[in-house]
2 protein chains.
Amino acid sequence: MKDLVSRCPIEEVMQILSGRWPTLLIYYLKQGTKRFSDLRRDNPTISHRMLALELRKLEDAGIVSRTEFGGYPLRVEYDLTAAGHALVPLIDALGNWWTSVAAAADGEGRRNEISVSARAQRTSG
Amino acid sequence: MKDLVSRCPIEEVMQILSGRWPTLLIYYLKQGTKRFSDLRRDNPTISHRMLALELRKLEDAGIVSRTEFGGYPLRVEYDLTAAGHALVPLIDALGNWWTSVAAAADGEGRRNEISVSARAQRTSG
DNA sequence: TCCAGGTTACAAAAAAGTTCGTAATTTACT
DNA sequence: AGTAAATTACGAACTTTTTTGTAACCTGGA
């Protein structure tokens, strides 16, 4: 998703939030200040490089703040900015929406079984 | 973003909505019924393969419904489902959030200029 | 030599784009 | 009337682009 195809703010947000890591990092950061190594521990599947890259992206977007404390070993702290905190409920709303969609889909015996399992099958097949 | 790293609904939604196309297609579909070729015309930069793939993904997720009318040339209509329509305001909220973040960032002369231009520079460089 | 936090170069994987083929019917031309 | 090309919504194969991962290097003091 290199460039934007429109000047639409929605496309711009999605460019930032797309992918596995942004929402996950925001989720952990909303718990409070975290350091680089904390975030790696919280989420061992992200690579060192990806974490650095994603943090930088979120910082550029104004969602995360980075505070560097001099000295060695270098210490850096990450926090959500005010904008970042404002984003949290919006993301939660998406999660809730999906939860209700999945629940409803399980109820209605419909030809295309929705929910996680349906997509998992297709992906793994 | 092949597999999920958690069972978190947020990660699941993001797997569906990530990328350039899902929100864009939802945006066009909220205007009403569209056919495959309509969607291509609305958005000439998407390839027919991607369009087919994304529509299938949204259909599996229960966001889009696909109605096939027999005969040749085959005619197929796409619509947002009820769940899809419920999703629209949530996506809009993200867009509004970003708009306000960008506006605020322009105001505060801060060392990391946020907003579109900052990211555009980094991307193009 | 290790710490923490990062960057860089290179390689692997995944996603996206391109092209070709399919079907039955319609239109366009000779 | 007969042939060619367009239509429509894809699927499959192949190629290119983008993203992600791996591993190594860097800082400079204890």
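Name the residue, out of B:Leu87, B:Leu80, B:Leu55, that is modelled with pLDDT of 95 or more, farther than 30 Å from A:Glu59 by Cα, more than 16 Å from DNA strand C (Cβ to nearest atom) and not small (Gly, Ala, Ser).
Details: B:Leu87 fails: farther than 30 Å from A:Glu59 by Cα; B:Leu55 fails: more than 16 Å from DNA strand C (Cβ to nearest atom).
That would be B:Leu80, the only listed residue that is modelled with pLDDT of 95 or more, farther than 30 Å from A:Glu59 by Cα, more than 16 Å from DNA strand C (Cβ to nearest atom) and not small (Gly, Ala, Ser).
Do we have any residue at all in the range A:25-41 that's among the β-branched types (Val, Ile, Thr), under 24 Å from B:Met1 (Cβ atoms), at pLDDT 95 or above and more than 11 Å from DNA strand C (Cβ to nearest atom)? Talk me through it step by step, then tell me what you get.
Start the filter on the range A:25-41 by keeping residues that are among the β-branched types (Val, Ile, Thr), which leaves A:26, A:33.
In the following step, the residues that additionally are under 24 Å from B:Met1 (Cβ atoms) were identified as A:26.
Checking which are at pLDDT 95 or above leaves us with A:26.
Subset that is more than 11 Å from DNA strand C (Cβ to nearest atom): A:26.
Within the range A:25-41 (the criterion being among the β-branched types (Val, Ile, Thr), under 24 Å from B:Met1 (Cβ atoms), at pLDDT 95 or above and more than 11 Å from DNA strand C (Cβ to nearest atom)), the answer is yes, since at least one residue qualifies.
For the range A:52-90: of the residues being in a helix (DSSP H, G or I) and within 8 Å of DNA strand D (Cβ to nearest atom), which is surrounded by the fewest Cβ atoms within 10 Å (Cβ to Cβ)?
Within the range A:52-90, the subset in a helix (DSSP H, G or I) is A:52-60, A:82-90.
Add one more test, that the residue is within 8 Å of DNA strand D (Cβ to nearest atom), and what stays is A:53-54.
On the way: A:Leu53: 13, A:Glu54: 20.
My answer is A:Leu53.
Under 6 Å by Cβ, and 6 or more places apart or on different chains, what pairs join a residue from the range A:89-100 that is more than 7 Å from chain B (Cβ to nearest Cβ) and under 12 Å from A:Thr23 (Cα atoms) with one that is among the acidic types (Asp, Glu) and not in a helix (DSSP H, G or I)?
So the pair list comes out empty.
Specify the residue that is surrounded by the fewest Cβ atoms within 10 Å (Cβ to Cβ); the eligible residues are those in the range A:18-36 that are within 12 Å of another protein chain (Cβ to nearest Cβ) and part of a helix (DSSP H, G or I). I'd like the intermediate steps shown before the answer.
Let us first name the residues in the range A:18-36 that are within 12 Å of another protein chain (Cβ to nearest Cβ), namely A:18-28, A:30.
From what's left, part of a helix (DSSP H, G or I): A:21-28.
Values: A:Trp21: 25, A:Pro22: 22, A:Thr23: 22, A:Leu24: 22, A:Leu25: 25, A:Ile26: 20, A:Tyr27: 19, A:Tyr28: 16.
Looking at residues that are within 12 Å of another protein chain (Cβ to nearest Cβ) and part of a helix (DSSP H, G or I), I get A:Tyr28.
Against the conditions (1) in contact with a His (Cβ under 8 Å, 6 or more places away or on another chain); (2) within 24 Å of A:Pro22 (Cα to Cα), where does B:Arg20 fall short? Just the number, please.
(1)
The values are calculated or read from the model by the stated rules, or taken from the named source; none is laboratory data. What you are looking at is a predicted structure, and each value in this text was computed from that prediction instead of being measured. With ideal geometry, Cβ positions are generated from the backbone for all residues, glycine too; neighbour counts draw on all protein chains shown.
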